[in-house]
1. Where in the stretch 46-111 are there strands (runs of 3 or more DSSP E), lying wholly inside it, with at least 2 residues that are within 16 Å of A36 (Cα to Cα)?
2. Can you name the residue in the stretch 217-232 that is loosely packed, with under 13 Cβ neighbours inside 10 Å and modelled with pLDDT of 90 or more and is also nearest to E161 (Cα to Cα) among such residues?
3. From the residues in the stretch 202-217 that are part of a loop (DSSP other than H, G, I, E, B) and among the hydroxyl-bearing types (S, T, Y), which one is farthest from the chain's Cα centre (by Cα)?
4. Which residues, taken from the stretch 39-59, are under 21 Å from D74 (Cα atoms), in contact (Cβ under 8 Å) with a residue 12 or more places away in the chain and surrounded by fewer than 19 Cβ atoms within 10 Å (Cβ to Cβ)?
5. Sort out which residues of the stretch 1-37 are closer than 19 Å to A68 by Cα and without any contact (Cβ under 8 Å) to a residue 40 or more places away in the chain, and write them in order of number.
6. Starting from residues that are part of a loop (DSSP other than H, G, I, E, B) and under 15 Å from S90 (Cβ atoms), keep the ones in the stretch 19-45 and report whichever is modelled with the lowest pLDDT.
7. Quick check on the stretch 93-104. Is at least one of its residues at pLDDT below 85, within 30 Å of V171 (Cα to Cα) and surrounded by fewer than 18 Cβ atoms within 10 Å (Cβ to Cβ)?
Amino acid sequence: MDLSTEQINYYQNLIEYLSMIQGKNSDIVLTDLTEANFPILMIKNGSILDVRKSDDTPELVRERIEKALQSGTDQFHEQFNLKHKTLNMSVTILEAPSMGKVAISVITDATPFITALRANANLAKLYQLNTDIINNISSEVSMARRNSKIEDMSFADKIHEMVREKIDQVVLSYGIDQDNFKAQDRRNIVSQLLDEGVFNMKYSVVDVARALGVSEPTIYRYIQELKESKRFGY
């Protein structure tokens with residue numbers, strides 16, 4: 001399948017966004033379902049799949065895409081173990097305008113925080129938010145650049161909720177109650193969220209401050225200190 005420039009930009013933005021939300025321990029894959037070998041149209045590669053654009057979709061992903069196709073809902077979510085890693089996979093099948101069927105697969109390495117039961121519950125919600133957002137902005141109405149203000153606000157709310165889920169996921173991965181966080185714990189969490197691009201999203205400072213039990217100026221101070229340390233290499 002040859003994508004037009006508009007389609008390439010569209011899906012690139014979608015995959016970049018999902019990658020930012022999921023973090024560096026994830027792969028986001030766009031698969032062409034119109035060809036028998038399921039070639040990869042795009043991939044935002046983290047540390048899980050050793051594949052590139054134009055490769056055939058790996059068997060472990062292909063199997064779950066086929067399960068999604070057979071499910072009747074065109075969605076599939078699973079947590080499984082592979083080579084000492086605990087992986088979460090979310091597959092959404094789309095009927096893309098003028099393109100035929102494609103699949104967006106989100107594969108995340110959950111190993112660092114899999115022992116936190118509350119984090120697992122949040123991941124289940126994150127899966128559904130992935131599906132909601134993919135479906136929302138991949139509809140024909142979205143491709144035609146929706147002009148309904150109410151729908152845009154609804155989409156913004158979903159993005160905001162997804163950012164909050166990402167913040168909760170990182171905070172809960174520490175396995176420490178908020179009241180027991182030390183200053184360095186909070187600084188480490190802010191550093192991770194900064195690296196994953198969370199602070200590029202609107203209202204993220206407010207959400208992080210609330211999650212860590214500190215003031216917004218404290219979060220801004222951490223961000224400034226971290227940016228300066230990265231700039232000067234210390």
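1. Values: elements: 75-82, 85-96, 100-109.
Hits in the stretch 46-111: 100-109.
2. Filtering the stretch 217-232 for residues loosely packed, with under 13 Cβ neighbours inside 10 Å gives 217, 224, 227-232.
Next, only the ones that are modelled with pLDDT of 90 or more stay: 217, 224.
Working: P217: 22, Q224: 25 Å.
For the stretch 217-232, the residue satisfying everything is P217.
3. Residues of the stretch 202-217 part of a loop (DSSP other than H, G, I, E, B): 202-203, 213-215.
Then keep just the ones that are among the hydroxyl-bearing types (S, T, Y); that gives 203, 215.
Working: Y203: 18, S215: 27 Å.
That would be S215.
4. Residues of the stretch 39-59 that are under 21 Å from D74 (Cα atoms), as a first pass: 39-43, 56-59.
If we keep only those that are in contact (Cβ under 8 Å) with a residue 12 or more places away in the chain too, we end up with 39-43, 56-57.
Selection gives P39, D56.
5. E35, A36, N37
6. Residues of the stretch 19-45 part of a loop (DSSP other than H, G, I, E, B): 23-25, 33-38, 45.
Filter once more, keeping what is under 15 Å from S90 (Cβ atoms): 23, 25.
Details: G23: 70, N25: 78.
Result: G23.
7. Within the stretch 93-104, the subset at pLDDT below 85 is 94-100.
The next check asks that each one be within 30 Å of V171 (Cα to Cα); those that pass are none.
Checked the stretch 93-104: no residue is at pLDDT below 85, within 30 Å of V171 (Cα to Cα) and surrounded by fewer than 18 Cβ atoms within 10 Å (Cβ to Cβ).
The values are calculated or read from the model by the stated rules, or taken from the named source; none is laboratory data. In this text the structure is predicted, and so the values were computed from the model without any measurement. Counting neighbours? That spans all protein chains shown, and the Cβs are built from the backbone with ideal geometry, glycine included.
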